[in-house]
Amino acid sequence: MKDRFQIIGASEIAGIVKEYSANLFAENLISETINQKLEVMPNYLETRYSLGKKLMLNREQFEKFQVNYNGEKKLIKTKDATQTAKVLNRGKSLEEAVKDNYFNLNRSYDEIIESQTVKDKIIKNCKFPFRATIDYILSNNSILECKTTDISQWFKIENDGLPFNYYIQTQAQLWLHEKEICEVHIAGVKTINKEHQILDSKTFKVGLDPKMVRALTASLIWFSSEFEKGTLFNKDEADKTKKDKQIDEFLALEKGTLELPIESNLSVKLARLKELEEAKKEYEKLDKEIKEQVRQSMKDYKFARFKSNQFEIEAKYSNESYHDETSINEAIEKAKLMTVGDVKSVKKLTIKY
């Protein structure tokens, strides 16, 4: 699979659409029925908060996060009514087992002509590319998407049909790959001693819905605007989802801070650190060197705090946000006029660069 660093994926968009559903409904981009389906989608989905924070990770951090929270692929065993159990090699995924199950049950004459096909799209007014990776393209020009769920949750598939977040993902895939039909094959899996058995499965056929595509586009533009303004990172602890808490937990382990003075040339130091981040081969050596230099020269100041992994400065006197060199310097000048006695612990200035 291609690198997923610094992009928004089709599987990540459902949570953003959910959060923007009220606006989509007001703008007549979705019906009341769709709005209700969005509202009841599970809260373990990616949100604008968690996705926004992940998009601020550097490559090394992102890869570490993926390993920590996605885990490694395990030994897989498949079983269905038409085949005896077979064990797949560790290098293969459960996705392939679900694909085999699909063909065994559907007895389709269609063949796979492509797998793990990736397409990106740059959407106007959206900062990040939108990407859809599809499992398989069939010879009838449709998409085959393979999904799994724990067999204990299989009753939800039987009772409610295709989960709506899967529906949104397939709409993104159909749109980006310019297809009309997606076959979503879901397998109910039981795990015993770290081996997985497919005990039941079902196929859903999804057609392209242009109205939902417009809703996806509007949601992505809204998310990008929120990201640029820096407002999406404000979220009450009680409202945080499992995904939100995962990224917070990861960042808490990763964060390192430097104490810097409020000086007019601070943005130059930020630019230098960003440049260092992008220098792949020399990054760690030079980053350590520059951090030590800055730490030594600024050790007497305790007025502001800089997070090197997110290019963020915090000064506890305002809740405004600044995002470019001009406004950064304006904020610095403003801060220089204040005294320590003016600092209020409940407020903060955040400068993102």
Per-pair calculated FRET efficiency, R0 = 22 Å: Asn140 and Arg107 via Cβ, rounded to 0.05: 0.95
Residues Val67 and Ile192, FRET efficiency given R0 of 22 Å [Cβ-Cβ distance, rounded to 0.05]: 0.30
Gain in span if fully extended, Lys205 to Gln153, counting 0.36 nm per residue against the direct Cα distance: 16.7 nm
Exposure proxy ranking, count of Cβ atoms within 10 Å, fewest first, for Ser152, Ser219, Ser115, Ser11: Ser152, Ser115, Ser11, Ser219
In range of the label at Arg214: residues from segment 146-175 whose backbone nitrogen is under 13 Å from the point 7 Å along Cα→Cβ: none
Pairs beyond 23 Å (Cα-Cα), from Lys211/Lys243; Lys37/Lys119; Lys37/Lys211: Lys211/Lys243; Lys37/Lys119
Residues Arg59 and Asp239, FRET efficiency given R0 of 35 Å [Cβ-Cβ distance, rounded to 0.05]: 0.75
Distance in nm between pseudo-label sites at Glu292 and Ile122 (7 Å out along the Cβ direction from Cα): 4.0
Violating pairs (Cα-Cα greater than 24 angstrom) within the set Lys99/Lys242; Lys179/Lys205; Lys99/Lys194; Lys147/Lys205; Lys53/Lys147; Lys64/Lys245: Lys99/Lys242; Lys53/Lys147
Whether segment 113-183 is rounded, prolate or oblate, judged on the alpha carbon gyration tensor where a/c under 1.5 counts as rounded: oblate
Theoretical gain in end-to-end length, Ala26 to Glu180 [0.36 nm per residue, Cα-Cα removed]: 52.7 nm
Within segment 208-239, backbone nitrogen closer than 20 Å to the virtual label 7 Å beyond the Cα of Gln36 toward Cβ: 212
Bridge type composition, segment 8-229 - antiparallel percent by DSSP, nearest 5: 70
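Throughout, read-outs are computed from the coordinates displayed, never taken from laboratory work. Please read these numbers as outputs of a predicted model, since none were measured by experiment. Neighbour counts are summed over all protein chains in view; Cβ atoms, including those assigned to glycine, are modelled from backbone coordinates with ideal geometry.
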